Amino acid sequence: MSNIELATEDKLEYCFFPNDSGLVQFRVKAPHDAHIALSNEAAEVDPMYEVFLGGWGNSKSIIRKNRTKPEVAEAPTPNILSDGEFRGFWIRWDDGTITVGREGDPAPFLSWADPERVRIEYIGVCTGWGASGNWVIQPPESSRGARSAGVAGGQCWVAASSGQVPPSAFAGGEDNGESIYVIRANFNGGLIPGKLIPSHGQAYVAWGGAENPIQEYEVLCDFPGQWQASSGGSLPPSAVPAGQSEDGETLYVGRVVHDGALTIGKVQPSHGVVYIPYGGQELSFPDYEVLCS
């Protein structure tokens, strides 16, 4: 796998990537406030850890749990970041212990042991508080979780609403000449892949036999994916996991041509079909294309 390279704006919105290896190594160029999230989902949910590098005017770094104060660990780190050059770091998590160190230095400058054992399956990065940044993230050397399998280059999901399309959004379909984008949204206990039609001012997911309109969603961005023909519940090894059903089954992104439109929906392997939201209904198709890395 090649390194993941991306730029983050002054937004405090995490881009998440699968990583359950216990280690992330990265380099970042930012004036201050480079934030890293460690989560068991590709979203800001509890439980979650955050590491703030160069916060408070590039004067200190901290570890925070569940986005609440007080910090569980902090250290003075004056000028740890630079807006003129990349600085390298590593973060490890093992059996509840989080450690943070500089590239080339095996000793951590931040460490905290959590009595709660939180499984980490995704890391997220962002900048904010007046800072933007550039990142080079090494892919995990190994993967212990099925949801990380076959995802080259990572996934960046950007929160949006009301028809908004973030920069570098991944267009995977077309309807009446308009691009349709890959999204996912929380709906009835699941995280469901679906479609965004900007001119409609909303996204849609297929669930419960209906095409369900969604105002708040996440858009897949900066993703060099490709589509592969598939059928039934047999998926290519590189199929991209993008959500889960209310019962915890991993869901994938699929698409199919229907009524002249190339429409995006969810693939649920145990059902052997792709479900698309279309014309107010949830429609199923046994032959489809699935998004792969």
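The values are calculated or read from the model by the stated rules, or taken from the named source; none is laboratory data. The model shown is predicted, which means the values in this text are computed figures rather than measured ones. Note: ideal-geometry Cβ built from the backbone for every residue, glycine included; neighbour counts use all protein chains shown. Accessible surface areas use protein heavy atoms only, side chains included; no ligands, DNA or RNA. Shrake-Rupley method; radii C 1.70, N 1.55, O 1.52, S 1.80 Å.
Can you give the FRET efficiency to the nearest 0.05 for Thr97 and Leu12, using r as the Cβ-Cβ distance and R₀ = 25 Å?
Working: r = 26 Å, r/R0 = 1.05.
Once rounded, the FRET efficiency stands at 0.45.
How many nm is it between the label spots at Gln226 and His271, if each spot is 7 Å from the Cα in line with the beta carbon?
Inter-label distance under the simple model: 2.8 nm.
Using only the alpha carbons of the stretch 4-138, determine the length spanned along each of the three principal axes and report them from longest to shortest in whole angstroms.
Extents along the principal axes: 38, 29, 27 Å.
Please compute the volume of the convex hull spanned by the alpha-carbon atoms of the stretch 22-69 and report it per residue in Å³. Mind dumping the intermediate values first?
Details: hull volume 4.3 nm³, N = 48.
Here the figure is 90 Å³ per residue.
Can you give the accessible area of Thr8, probe radius 1.4 Å, in Å² rounded to 10?
Rounded to the nearest 10, the figure is 10 Å².
Could you report the accessible area of Ser270 in Å², rounded to 10, computed with a 1.4 Å probe on the protein chains as they sit in the structure?
Number for this one is 80 Å².
State in Å² the accessible area per residue of the chain; use a 1.4 Å probe, count heavy atoms of protein chains only, and round to the nearest integer. Working shown, then result.
Values: 12240 Å² over 293 residues.
Here the per-residue accessible area is 42 Å².
Could you tell me which label, among [x] 1.15; [y] 0.93; [z] 1.03, carries the value of Cα Rg over 2.2 N^0.38 Å calculated for this structure?
[z]
Determine the distance separating the Cα centre of the stretch 218-236 from the Cα centre of the stretch 94-125; give it in Å without decimals.
31
Determine the gain in length on full extension of the stretch Ser168-Glu216; use 0.36 nm per residue of separation and subtract their C-alpha separation, reporting nm with one decimal. Numbers along the way, then the final one.
Details: separation 48, 0.36 × 48 = 17.28 nm, distance 1.82 nm.
Residue separation times 0.36 nm, minus the Cα-Cα distance, leaves 15.5 nm.
Quickly estimate the mean residue ellipticity at 222 nm for the chain, helices only: each DSSP H run with n ≥ 4 gives -39500 (n - 2.57), and the total goes over all residues, rounded to 500.
It lands at 0 deg cm²/dmol.
Given a 1.4 Å probe and every protein chain left where it sits, what share in percent of the accessible area of the chain is carbon and sulfur?
On the way: 5550 of 12240 Å².
Carbon with sulfur: 45 percent of the solvent-accessible area.
Debye calculation, C-alpha points only, no solvent: report log10 I(q)/I(0) for the stretch 152-291 at q = 0.10 Å⁻¹, in the same order as the q values.
Results for the stretch 152-291 at q = 0.10 Å⁻¹ read -0.26.
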